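What follows is a single structure, written as structure tokens, with notes after it.
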Amino acid sequence: MFEALDRPALLPLPAEAYEYAEWKRCRVGLDYHIEIGKHYYSVPHSLVRQEVEARITATSIEVFWRGKRVASHVRSHRPHRPTTVAEHMPSSHRRYRDWTHERIRREAGKVGADAATLIDVILRSRPHPEQGFRSAIGILGLVKRYGAERVDAACAQALAINTRSYTSVAAILKSGTPKASEPAQDAPVLVHANIRGPGYYH
């Protein structure tokens with residue numbers, strides 16, 4: 001019976017082994033990333049605020065919008081870090097793709113301790129550190145115009161008044177900032193348990 005009925009009806013085994021997958025509906029954030037397992041994956045920036053579906057396997061993440069696959073990533077288990085495809089970024093963001101956290105912190109350290117602290121605070125204060133790249137790189141760019149000493153002093157003043165943006169540092173420099181040798185009056189102590197410092201990341 002097997003030879004007469006079953007064998008003629010048998011089909012070849014699939015070329016690839018079955019892979020279990022889960023599906024999840026996600027809302028695309030303002031940073032054009034979705035969150036899966038505490039990791040962030042990019043989608044085309046035109047889909048900001050849209051609802052998409054993610055197909056999740058042990059090794060990959062596929063993102064679909066209205067039945068069409070719009071993104072595919074190798075799955076990562078690094079928490080609170082992004083996986084970003086350059087083509088998903090708006091053109092205004094692509095200029096920062098060659099910058100890394102390590103490079104930004106290294107360049108900030110060359111400017112001075114206060115610049116390093118402020119930029120570290122900026123990177124840590126955003127839901128995704130990459131959202132702080134624009135401000136951080138902008139602050140580093142001010143060195144060409146004002147010099148490292150003045151930028152570092154302006155960063156110290158920004159920390160003292162609890163501002164965390166390029167705009168604030170640029171405004172302090174434009175209005176005139178004290179030199180590093182002239183400490184700000186009644187500045188709060190910036191070394192405390194909530195400031196982890198660059199050593200935390202190594």
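Taken together, the values in this text are just the output of simple stated rules run on the coordinates, not laboratory data. Quick caveat, the model's predicted, so the values are computed rather than measured. Neighbour counts are summed over all protein chains in view; Cβ atoms, including those assigned to glycine, are modelled from backbone coordinates with ideal geometry.
So the values come out like this:
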| quantity | calculated |
| --- | --- |
| Local electrostatic count at A115 - Lys and Arg +1, Asp and Glu -1, tallied over other residues with Cβ under 11 Å | -2 |
| The range 1-136 - Kirkwood radius from inverse mean 1/r over Cα pairs (Å) | 17.6 |
| 5 angstrom amide H check on A71, placed H, neighbours 5+ away | V63 |
| Cα-based Rg of the range 47-119 normalised by 2.2 N^0.38 Å, two decimals | 1.49 |
| Under the Karplus curve 6.51 cos²θ - 1.76 cosθ + 1.60, θ = phi - 60°, whole-Hz ³J(HN,Hα) for the range 156-164, x wherever Gly or Pro sits | 4, 5, 4, 5, 5, 9, 6, 10, 9 |
| Low-density loop cleavage sites - GluC sites (Glu not before Pro) in the range 2-97, where at most 13 other Cβ are within 10 Å (DSSP) | E16, E19 |
| Lysines with Cα under 21 Å of K110, excluding same-chain neighbours fewer than 8 positions away | K144, K179 |
| Partner lysines for K68 [C-alpha distance under 25 Å; skip if fewer than 8 residues away on the same chain] | K24, K38 |
| Proximal aspartates and glutamates to K174, defined as alpha-carbon separation beneath 17 angstrom and excluding residues fewer than eight positions away on the same chain | E149, D152 |
